[in-house]
Amino acid sequence: QIEQKTSARLGEVKEKADEACGHIMGHILLAQEDAVMKNAVAVCDRVSGNIRRNCFDGIFMENITRENLEAHQVAQKFALTKEASIGLEKNCKQYGGEAGRSCWRELVHIYTPLTSDDPEQVYGLCYQSDNLEYAKECYMHGINLMILSDDFSRENLAALCKPYFKS
């Protein structure tokens with residue numbers, strides 16, 4: 001079903017369907033593991049290739065959005081506040097490798113609403129990471145979220161690339 005729906009939407013079959021499946025698996029897995037991050041990460045860690053990476057993305061996104069966690073009465077949604085972002089950042093510092101990259105990448109699900117889709121603020125928040133690869137992944141994913149947001153303004157469009165003007 002995932003492959004069929006993904007190919008209908010994207011015009012591609014195998015590769016994107018695998019990515020979508022891995023991502024969805026991460027969302028479901030966190031709920032199945034009663035929101036215990038380390039348990040869900042350990043399961044994803046046993047999966048190979050891009051599916052593992054997308055599984056991590058799903059876990060860390062679900063930890064912020066909490067739609068499945070709430071639907072399955074595993075955890076409640078929380079306010080998207082600065083205090084919540086600090087706790088999530090602290091959590092990300094526990095992870096390295098692909099899991100660490102995914103954790104920082106998905107932080108934009110709190111950064112974009114927290115900053116009202118302000119690219120400069122999102123950039124600053126992402127680049128708090130000591131790992132430049134993680135920071136870049138966070139901001140690039142943030143660009144995607146901001147552009148798709150109904151609140152994103154035309155004025156902010158030029159600001160998306162402003163941090164890169166010097167280089």
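If I go through segment 92-108 residue by residue, how many of them are open to solvent by less than 30 Å² (accessible area, probe 1.4 Å) and either touching a residue at least 40 places away in the same chain (Cβ under 8 Å) or in contact with a Gly (Cβ under 9 Å, 6 or more places away or on another chain) (or both)?
8
Can we say Pro163 is over 16 Å from the mean Cα position of the chain (by Cα) and either in a helix (DSSP H, G or I) or within 23 Å of Glu62 (Cα to Cα) (or both)?
Here the answer is yes, as Pro163 does meet what is asked.
Going through segment 60-86 one residue at a time, which ones are among the aliphatic types (A, V, I, L, M) and either part of a helix (DSSP H, G or I) or open to solvent by less than 60 Å² (accessible area, probe 1.4 Å) (or both)?
Met61, Ile64, Leu69, Ala71, Val74, Ala75, Ala84, Ile86
List the number of the failed condition for Asp118; all other conditions in (1) farther than 26 Å from Ala20 by Cα; (2) buried (at least 18 other Cβ atoms within 10 Å of the Cβ); (3) free of Cβ contacts under 8 Å to residues at least 40 places away in the same chain hold.
If we test Asp118 against (1) farther than 26 Å from Ala20 by Cα; (2) buried (at least 18 other Cβ atoms within 10 Å of the Cβ); (3) free of Cβ contacts under 8 Å to residues at least 40 places away in the same chain, just (3) comes out false.
All but one of (1) at pLDDT 95 or above; (2) closer than 24 Å to Tyr111 by Cβ; (3) polar (S, T, N, Q) hold for Asn39; state the number of the condition that does not hold.
(2)
Against the condition of a type in the set (Asp, Glu), modelled with pLDDT under 95 and open to solvent by less than 50 Å² (accessible area, probe 1.4 Å), how does Asp57 come out, does it pass?
It is false that Asp57 is of a type in the set (Asp, Glu), modelled with pLDDT under 95 and open to solvent by less than 50 Å² (accessible area, probe 1.4 Å).
The values are calculated or read from the model by the stated rules, or taken from the named source; none is laboratory data. What you are looking at is a predicted structure, and each value in this text was computed from that prediction instead of being measured. Here the Cβ is made from the backbone with ideal geometry for all residues, glycine too, and neighbour counts use every protein chain on show. Ligands, DNA and RNA are excluded from the accessible area calculation, which covers all protein heavy atoms including side chains. Shrake-Rupley method; radii C 1.70, N 1.55, O 1.52, S 1.80 Å.
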